[in-house]
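No lab work stands behind these numbers, since they all come straight from the coordinates. Since the model is a prediction, treat every value here as computed from it, not as a measurement. As a convention, Cβ positions derive from the backbone with ideal geometry for all residues, glycine included, and neighbour counts pool all protein chains shown.
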């Protein structure tokens with residue numbers, strides 16, 4: 001992939017809120033996780049695990065758990081979900097957090113999520129990152145240890161054919177960077 005292809009991927013990737021009913025192939029979901037596993041992390045801690053849901057009944061229940069307080073109603077049509085679970089950091093990462101007052105685990109989870117959504121996009125899938133969730137309900141549904149944290153749920157599927165790519169609205173470049181070249 002050259003830089004122009006990467007730029008097109010970034011320009012075309014968007015949060016999908018209108019999924020088609022087409023089912024996601026298990027092989028594609030497995031490939032997404034294989035690629036996400038390669039994400040860099042502080043001290044190689046890899047403080048993540050993933051619950052992949054591609055089952056009609058369970059997907060419906062996961063969708064309901066993302067609709068807490070009336071949010072994310074569009075997930076009712078989403079066929080698949082990848083749930084991002086925070087795992088324990090390594091001792092060196094924990095020490096680094098304390099000494100440097102940094103949230104390395106949060107940074108690592110963000111990097112992994114970025115890799116995940118871009119991998120899905122490369123496979124022709126659309127995603128939406130969901131943080132407004134009923135964590136307790138999700139833990140029960142997916143049998144996730146009560147001591148762990150579910151940080152995000154990624155809705156995964158094929159965009160509806162009528163879903164158009166929206167124009168990106170971002171801050172002007174001069175508002176986000178200072179070059180010291």
Q. In deg cm²/dmol and to the nearest 500, what is the mean residue ellipticity at 222 nm of the chain if only DSSP H runs of at least 4 residues count, each as -39500 (n - 2.57), divided by the residue total?
A. -11500 deg cm²/dmol
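With the cut-off at 1.5 for a/c, could you classify region 1-59 from its C-alpha gyration tensor as rounded, prolate or oblate? If you can, show how the numbers build up before the last one.
Values: a/c = 2.19, a/b = 1.11, b/c = 1.97.
Because a/c hits 1.5 or more and a/b fails to exceed b/c, region 1-59 counts as oblate.
How would you classify region 123-181 from its alpha-carbon gyration tensor, with a ≥ b ≥ c the square roots of the eigenvalues: rounded for a/c under 1.5, else prolate if a/b is greater than b/c, otherwise oblate? Write down the numbers at each step before the final one.
Numbers: a/c = 3.36, a/b = 1.51, b/c = 2.23.
Here region 123-181 falls in the oblate category.
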(Q) When a/c reaches 1.5 or more, the comparison of a/b and b/c decides; with that in mind, is region 89-159 rounded, prolate or oblate per its Cα gyration tensor? (A) oblate
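Nearest-5 percent of antiparallel DSSP beta bridges in region 13-175? Mind showing how you got there, number by number?
On the way: 19 of 20 bridges.
The answer is about 95 percent antiparallel.
Below 8 Å, C-alpha to C-alpha, sequence gap of six or more: please give me the relative contact order for the chain in percent.
Computed over the chain, the figure is 33 percent.
Can you pull the percent of Cα pairs in the chain with separation above 23 Å? Show your work: numbers first, answer last.
On the way: 7688 of 16290 pairs.
Counting pairs separated by more than 23 Å, the tail of P(r) holds 47 percent.
Would you mind ranking 78, 122, 128 by Cβ crowding within 10 Å, fewest neighbours first? It would help to have the intermediate numbers written out before the result.
Working: 78 30, 122 16, 128 21.
Sorted ascending by nearby Cβ count, the order is 122, 128, 78.
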**Q.** Viscosity 1.567 mPa s, temperature 4 °C, Stokes-Einstein D of region 19-117 from Kirkwood C-alpha radius, µm²/s
**A.** 86 µm²/s
Q | Gap separating the Cα centres of region 8-36 and region 152-181, nearest whole Å | A | 15 Å
Q. Listing 81, 99, 10 from the residue with the fewest other Cβ atoms within 10 Å to the one with the most, what is the order?
A. 99, 10, 81
